[in-house]
1. Among 209, 223, 18, what is the fewest-to-most ranking by other Cβ atoms within 10 Å?
2. Excluding residue 226 itself, what net charge comes from residues whose Cβ is under 10 Å from its Cβ, given Lys and Arg +1 and Asp and Glu -1?
3. So, by mean Cβ neighbours within 10 angstrom, what's the order for 59-67, 213-221 with the highest one leading?
4. Just rank 14, 43, 134, fewest to most, by other beta-carbon atoms within 10 angstrom.
5. What is the sum of charges, Lys and Arg at +1 and Asp and Glu at -1, for the other residues whose Cβ falls under 15 Å from the Cβ of residue 133?
6. Given the peptides 81-88, 227-234, 95-102, arrange them by the average over their residues of other C-beta atoms within 10 Å, most packed first.
7. Report the Cα centroid-to-centroid distance between the stretch 67-110 and the stretch 166-234 in angstrom, as an integer.
Amino acid sequence: MTQSNADDEQTPDDVFRTAVAVEAGLGALALILGYLLGPSARDLVPPLNEAALSAVVGGIGLGVLATIPLLLFVGVLRRIKHPAIEELDKLGDHPMIGLMLRLNGWELFAISLCAGVGEELLFRGWLMPWLAGDAASLAPDLDAPSRWWAYGGWLGSLPNSVTEFAWPDESLPVWWSRVGGWELAAAWLVSSFAFGMFHPITKLYIVITALMGLYFGALLIVTGNLLIPITAHALYDAVQLWGAGRAEANADADEKSDQS
């Protein structure tokens, strides 16, 4: 004997709990895999202490700025007249996404934050360095002076102030060879593809997400500060979900107004 459809229906609260659990679980999985197999994603996140405070604040600040190109890219993409792109505007018709968009702003922000932390810890913090193997050297040197915007990486060797501006101590090719070279490039591509496949909503959505994975991976490779892609990822998701939620609410209000 089967249960009624009403018993099987999910509520927005169910979707909220599931989304938070899944995204937070990805972060926990990354930490477990790092502990068992190495490398640890925690090594790419500045510790919350006085010595690394500038890297924490700078990483979050630069992550906010790094969100702007993503929003511009998607904004331009949505203006292109193509069936596959127009399908993106109908994602609210997806049962689970439709329920998610009925959540309030704080709940959407919580989901976005969990997604930014969990997915970046797994795909950029663990998977990419793990695929690159011993060739990768993304973890920062804790004894080296950290700049406000970086916790390592190539930009970590830039000076602290504009008045002391100079190029990094080593050339870009030398740095590229030191951090992993072609092994890291392959890991960057594969981890970004895996990130795209983790979001199989539509074929175009997979491609767009994979491109964003390349962007997040580049932010980590160049700076060595995982807080930057975490912040950019979380803020981008929050803006998109909040905007879609407002549009959904306005559409429902217009529909009720037409019926009255």
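Read-outs throughout are calculated quantities, based only on the coordinates presented, and are distinct from any laboratory measurement. All figures in this text were calculated on a predicted structure; none of them were measured in a lab. Note that each Cβ is placed from the backbone with ideal geometry, even for glycine, and that neighbours are counted across all protein chains shown.
1. Ascending Cβ contact count within 10 Å gives the list 18, 209, 223.
2. With Lys, Arg at +1 and Asp, Glu at -1, the neighbours total 0.
3. Output ranking for 59-67, 213-221: 213-221, 59-67.
4. Values: 14 12, 43 19, 134 9.
Lowest count first: 134, 14, 43.
5. -1
6. So the peptides 81-88, 227-234, 95-102, ranked by packing, come out 227-234, 95-102, 81-88.
7. 22 Å
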